[in-house]
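Asker: Quick one: structure below, then a few questions.
The values are calculated or read from the model by the stated rules, or taken from the named source; none is laboratory data. As the structure is a prediction and not an experimental result, all values here were calculated from the model. Here Cβ is always computed from backbone atoms with ideal geometry, including for glycine, and neighbour counts include all displayed protein chains. Side chains are part of the model used for accessible areas, which takes the heavy atoms of the whole protein and leaves out ligands, DNA and RNA. Shrake-Rupley method; radii C 1.70, N 1.55, O 1.52, S 1.80 Å.
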Amino acid sequence: MQKTEIKQSKEKNAKWISGIVVLSLLSIALLIGMLVHIEQSGRYRDSLENVYQKSLMDVVADMNNIEVKLSKLLVVESQNQRAALSADIWRQSAETASNLASLPIEHNSISSTFTFVNQLGDYVNYINTKLSDGGEMTIEEEQTIETLHDRAIALRGSLRNMLEGLGDGYRITDNIKRKGPQIGNSDIVDGLKEFDANNADYPKLIYDGPFSDNVKSDVYRFLENKSETTKEQAYTWVNEHMSDIKSITYNGITKADADTHSFNVLLNDNSSVYIQLTVRGCYPINICSYRQVSAAGISKEDAIKSAQDYAASIFGLDNFSGVWYNADSQDNTAYVNLAPVIDDVVYYTDLVIVKVALDNGKVLGLESKAFLINHADKELEPIVLTAEQSKSLVSKKIVISGTRLAVIPKGKSGYVLCYENYGSYKGYDYMVYINVTTGEEEDVLRVIDSEQGSMLM
Amino acid sequence: MKKRIIAFLLIAVSLAGALAVRSDFHADAANIIKGDTVQNIKAVQTRLKNLGYYKKAVDGVFGSGTRSAVKAFQKDYGLKADGIVGPATEKALKITLTSGGGTTSSSDLYLLARCVYAEARGEPYEGQVAIAAVVLNRVKSSQFPNTISGVIYQPWAFTAVNDGQINLTPNETAMKAAKDALNGWDPTYGCLYYYNPATATSKWIWSLTVVMKIGRHSFARG
């Protein structure tokens, strides 16, 4: 009796021991794996820390340089000096913005710093251009440059204090947490918040540049004398202009710079179309839809005609002309850019973009914001130069194949009448725009990808 | 009793080790198939179906069924069985894939599409266009970084970039939505922010005036 008991208990022991051995080996293996992983993580963290440190140091160094250069800009008299300093400030503020963007700081804490840095370079460049063209700075503009310099001193000071506060051995990666946006890196953030807090009396910068505080809201000139429409009228528009409708859902009125009726229309083929119709005048400002188009069936000319006819029926104008055609062979759809042509002048400012399906020519989308904002009577410059004269002002390297009159956007909300000279050099296609009065080169465009898109003359 | 305790402790340590070693599960990188287009995927599926490796529908979507079929094929033909149709596999399959001009013509377009897919797949089409438009509006704004990659990769700007979903391959809808936005479509009228009211926890974002709602997202000017 006892022998079997001992035998059983020995077997039991053996099972236990082998179990424990297996588990021990497993644990050791896993522990080793864990250690390897930790070591690798450490290496990743070190490289990342270096990148962050570099970004932070560059922000501080660049702001130092910018402040010094700005202070010189306030006192230089020669155009050469001014141009050189402005170019440097512009370049370095762009670098500063880029470095700021790489730091793991929650956006809200640095958005005003971003704005300041972006506007600074932009504004300096604007003043430099103005003065180089023979203009003069107004009293406000002189004041603004002084204020910008004061702000630069303040920012530089905050950054210096911040760096001193961090001390040696500060690791930015210590503050990266797993969960979503966090204040993290509060030491850096506090340094910048101090700068931020003094922004209350910072003037609005209104000037001709991409980052100006200009005209935040758009005026829709085409809608100016049009009457407001009701929901029922909007429904009627949808029923009249669309076919194969299964059902219509009204989403209400979106209040934006132009109030719009918003719809989702379900078609018989179960594709969904999103439409925004302006309350004033009931014009589509945005039609958004897509469907899979398996193969192209219509020609480029047919696609353009389809777009033109559609735009004509929507806006009641028959002078739309295709100016750019961008077909996607993968999607079998084409973006047709249309511009009104009045008295042989192409109005690029009043653009309507129509997305056409290349199997049946039906319209899949429309974007007409530029048209609705800009299409109204314009005061154009008197034409002093002839087309031939404008050609002679274009670089001799370009072999010009065509010239016509065009109104192009200039600045935030302006426009200018030019001769559009279309030609090529070195295999690239260029459009050079010559001002009809002054003969200045207002803009130069180059076709980036002629496989995807082509100019329509 | 003692043995039970030892066994329990060993199990506990093993589990702890296992949890520590588990690498953070980030989505796989893109480039499962050259070109990543519906046409290309359909071509691969059709060929594999003819050869008997693929049994499901030829739908142009590269899912797990397609991937296993590719792997099985690669194994039989002495190729590296990684489920990715690279040039060697393409040759062995005896098909020609088109490197679609669409995806490769612009890295910005592809990145934008990845962001749309990561953040808004499953949203209505106009919602995806709206997300892409928000990215482009930020590029134009003085308050944000000045490039598309700068905006998308700004730390903590987009949760889907944080957790690696940005590396998933975008589908056709996301690509089209990105294209529309790059061609000027902006259903949001210049909004710079959006959030999902069901999941957003930041107090600050709730304080913004909402301009409109599309699908699950509310859009705000900021």
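Asker: I want to confirm something. Restricting to the range A:249-262 and keeping residues that are open to solvent by 10 Å² or more (accessible area, probe 1.4 Å) and either touching a residue at least 24 places away in the same chain (Cβ under 8 Å) or among the acidic types (Asp, Glu) (or both), which single residue is nearest to the other protein chains (Cβ to nearest Cβ)?
Answerer: Among those that are open to solvent by 10 Å² or more (accessible area, probe 1.4 Å) and either touching a residue at least 24 places away in the same chain (Cβ under 8 Å) or among the acidic types (Asp, Glu) (or both), it is A:ASP257.
Asker: Shifting gears a bit: Which of the residues that make up the range A:8-56 are within 53 Å of the chain's Cα centre (by Cα) and among the basic types (Lys, Arg)?
Answerer: Selection gives A:ARG43, A:ARG45, A:LYS54.
Asker: At pLDDT 85 or above and open to solvent by 80 Å² or more (accessible area, probe 1.4 Å): is that true of B:LYS80 in this structure?
Answerer: For B:LYS80, the condition - at pLDDT 85 or above and open to solvent by 80 Å² or more (accessible area, probe 1.4 Å) - is not met.
Asker: Filter the range A:249-269 for residues that are over 21 Å from B:ALA130 (Cα atoms) and either at pLDDT 95 or above or not charged (D, E, K, R) (or both) and give the result.
Answerer: Hits for the range A:249-269 are A:LEU267, A:ASN268.
Asker: Here's something else I'd like to know. If you go through the range A:26-46 one residue at a time, how many are in contact with a helix residue (DSSP H, G or I) (Cβ under 8 Å, 6 or more places away or on another chain) and either more than 10 Å from chain B (Cβ to nearest Cβ) or among the charged types (D, E, K, R) (or both)?
Answerer: So the answer is 1.
Asker: Conditions first: (1) modelled with pLDDT of 90 or more; (2) closer than 30 Å to B:ILE205 by Cβ. A:VAL36 passes all but one, so which condition is the exception?
Answerer: Every condition holds for A:VAL36 apart from (2).
Asker: Considering only the range A:28-78, state which residues are in a helix (DSSP H, G or I) and of a type in the set (Ser, Thr, Tyr).
Answerer: Listed by number, the residues that qualify are A:SER41, A:TYR44, A:SER47, A:TYR52, A:SER55, A:SER71.
Asker: Ok, one more. Looking for whichever is in contact with a His (Cβ under 8 Å, 6 or more places away or on another chain) and either of a type in the set (Val, Ile, Thr) or without any contact (Cβ under 8 Å) to a residue 12 or more places away in the chain (or both) here; the options are A:VAL293, A:VAL265, A:VAL273, A:VAL279. Which one fits? If you could, list the steps in order and put the result at the bottom.
Answerer: Working: A:VAL293 fails: in contact with a His (Cβ under 8 Å, 6 or more places away or on another chain); A:VAL265 fails: in contact with a His (Cβ under 8 Å, 6 or more places away or on another chain); A:VAL273 fails: in contact with a His (Cβ under 8 Å, 6 or more places away or on another chain).
Just a single option satisfies the conditions, and that option is A:VAL279.
Asker: Within the range A:341-362, which residues are part of a strand (DSSP E or B) and either among the basic types (Lys, Arg) or within 26 Å of the chain's Cα centre (by Cα) (or both)?
Answerer: Going through the range A:341-362, the residues part of a strand (DSSP E or B) turn out to be A:341-342, A:345-347, A:352-357.
Matches in the range A:341-362: A:VAL346, A:TYR347, A:VAL352, A:ILE353, A:VAL354, A:LYS355, A:VAL356.
Asker: Let me ask something else. Considering only residues of the range A:324-344 that are more than 11 Å from chain B (Cβ to nearest Cβ) and surrounded by 20 or more Cβ atoms within 10 Å (Cβ to Cβ), which is farthest from B:ALA178 (Cα to Cα)?
Answerer: Taking the candidates together, the pick is A:PRO340.
Asker: Would you be able to tell me the number of residues in the range A:297-321 that are under 13 Å from A:ILE353 (Cα atoms) and of a type in the set (S, T, N, Q)?
Answerer: Qualifying residue count, the range A:297-321: 3.
Asker: Do we have any residue at all in the range A:389-406 that's open to solvent by 40 Å² or more (accessible area, probe 1.4 Å), under 26 Å from B:ASP186 (Cβ atoms) and of a type in the set (Gly, Ala, Ser)?
Answerer: No - not one qualifying residue is present in the range A:389-406.
Asker: Would you call A:PRO409 within 14 Å of another protein chain (Cβ to nearest Cβ) and more than 30 Å from A:SER272 (Cα to Cα)?
Answerer: Yes; evaluated as a whole, the condition is true for this residue.
Asker: A further question follows. Name every residue in the range A:437-451 that is at pLDDT 60 or above and either not in a strand (DSSP E or B) or not charged (D, E, K, R) (or both), in order of residue number.
Answerer: Within the range A:437-451, the subset at pLDDT 60 or above is A:437-449.
A:THR437, A:THR438, A:GLY439, A:GLU440, A:VAL444, A:LEU445, A:VAL447, A:ILE448, A:ASP449, listed by residue number.
Asker: Now, a different point. Hey, among B:VAL44, B:VAL70, which residue is of a type outside the set (S, T, N, Q), at pLDDT 65 or above, within 22 Å of A:ASP328 (Cβ to Cβ) and not in a loop (DSSP other than H, G, I, E, B)? Full working, then the answer.
Answerer: Numbers: B:VAL70 fails: within 22 Å of A:ASP328 (Cβ to Cβ).
Going through B:VAL44, B:VAL70 in turn, just one is of a type outside the set (S, T, N, Q), at pLDDT 65 or above, within 22 Å of A:ASP328 (Cβ to Cβ) and not in a loop (DSSP other than H, G, I, E, B): B:VAL44.
Asker: So is B:SER202 within 28 Å of A:SER55 (Cβ to Cβ), more than 7 Å from chain A (Cβ to nearest Cβ), among the polar types (S, T, N, Q) and without any contact (Cβ under 8 Å) to a residue 60 or more places away in the chain or not?
Answerer: Working: within 28 Å of A:SER55 (Cβ to Cβ): yes; more than 7 Å from chain A (Cβ to nearest Cβ): no; among the polar types (S, T, N, Q): yes; without any contact (Cβ under 8 Å) to a residue 60 or more places away in the chain: yes.
Against the criterion (within 28 Å of A:SER55 (Cβ to Cβ), more than 7 Å from chain A (Cβ to nearest Cβ), among the polar types (S, T, N, Q) and without any contact (Cβ under 8 Å) to a residue 60 or more places away in the chain), B:SER202 does not qualify.
Asker: Here is a follow-up. Which of the residues that make up the range A:47-68 are of a type in the set (Ser, Thr, Tyr) and out of contact with any helix residue (DSSP H, G or I) (no Cβ under 6 Å at 6 or more places or on another chain)?
Answerer: Answer for the range A:47-68, where residues must be of a type in the set (Ser, Thr, Tyr) and out of contact with any helix residue (DSSP H, G or I) (no Cβ under 6 Å at 6 or more places or on another chain): just A:SER47.
Asker: Let me ask you something else. So if I check each of A:TYR235, A:TYR283, which one is surrounded by 15 or more Cβ atoms within 10 Å (Cβ to Cβ), over 22 Å from A:ILE373 (Cβ atoms) and of a type in the set (Phe, Trp, Tyr)? Spell out the reasoning first.
Answerer: Details: A:TYR283 fails: over 22 Å from A:ILE373 (Cβ atoms).
Going through A:TYR235, A:TYR283 in turn, the sole match is A:TYR235.
Asker: Could you please tell me which pairs satisfy a Cβ distance under 6 Å, a separation of 6+ or placement on different chains, a first residue in the range A:9-32 that is under 16 Å from B:ILE5 (Cα atoms), and a second residue that is open to solvent by 60 Å² or more (accessible area, probe 1.4 Å)?
Answerer: A:TRP16/B:LYS3; A:SER27/B:VAL13
Asker: Search the range B:151-188 for residues being free of Cβ contacts under 8 Å to residues at least 24 places away in the same chain and open to solvent by less than 20 Å² (accessible area, probe 1.4 Å), and hand back the single one that is farthest from the other protein chains (Cβ to nearest Cβ).
Answerer: Here the residue is B:VAL151.
Asker: Would you point out the residue of the range B:199-222, among those that are modelled with pLDDT of 90 or more and among the small types (Gly, Ala, Ser), that is nearest to B:PHE144 (Cα to Cα)?
Answerer: B:ALA220
Asker: Residue under question is B:SER142, and the condition is that it be closer than 27 Å to A:SER93 by Cβ, at pLDDT below 90 and open to solvent by less than 30 Å² (accessible area, probe 1.4 Å); does it hold?
Answerer: Judged against the criteria, B:SER142 is a match.
Asker: Still on this structure, I have one more. Collect the residues in the range A:287-312 that are open to solvent by less than 40 Å² (accessible area, probe 1.4 Å) and either of a type in the set (A, V, I, L, M, F, W, C) or closer than 12 Å to A:GLY365 by Cβ (or both), keeping them in residue-number order.
Answerer: Result: A:ILE287, A:CYS288, A:SER289, A:VAL293, A:ALA303, A:ILE304, A:ALA307, A:ALA311, A:ALA312.
Asker: Still on this structure, I have one more. Of everything in the range A:64-93, what is surrounded by 16 or more Cβ atoms within 10 Å (Cβ to Cβ) and under 25 Å from the mean Cα position of the chain (by Cα)? Give them in sequence order.
Answerer: A:SER86, A:ASP88, A:ILE89, A:TRP90, A:GLN92, A:SER93, listed by residue number.
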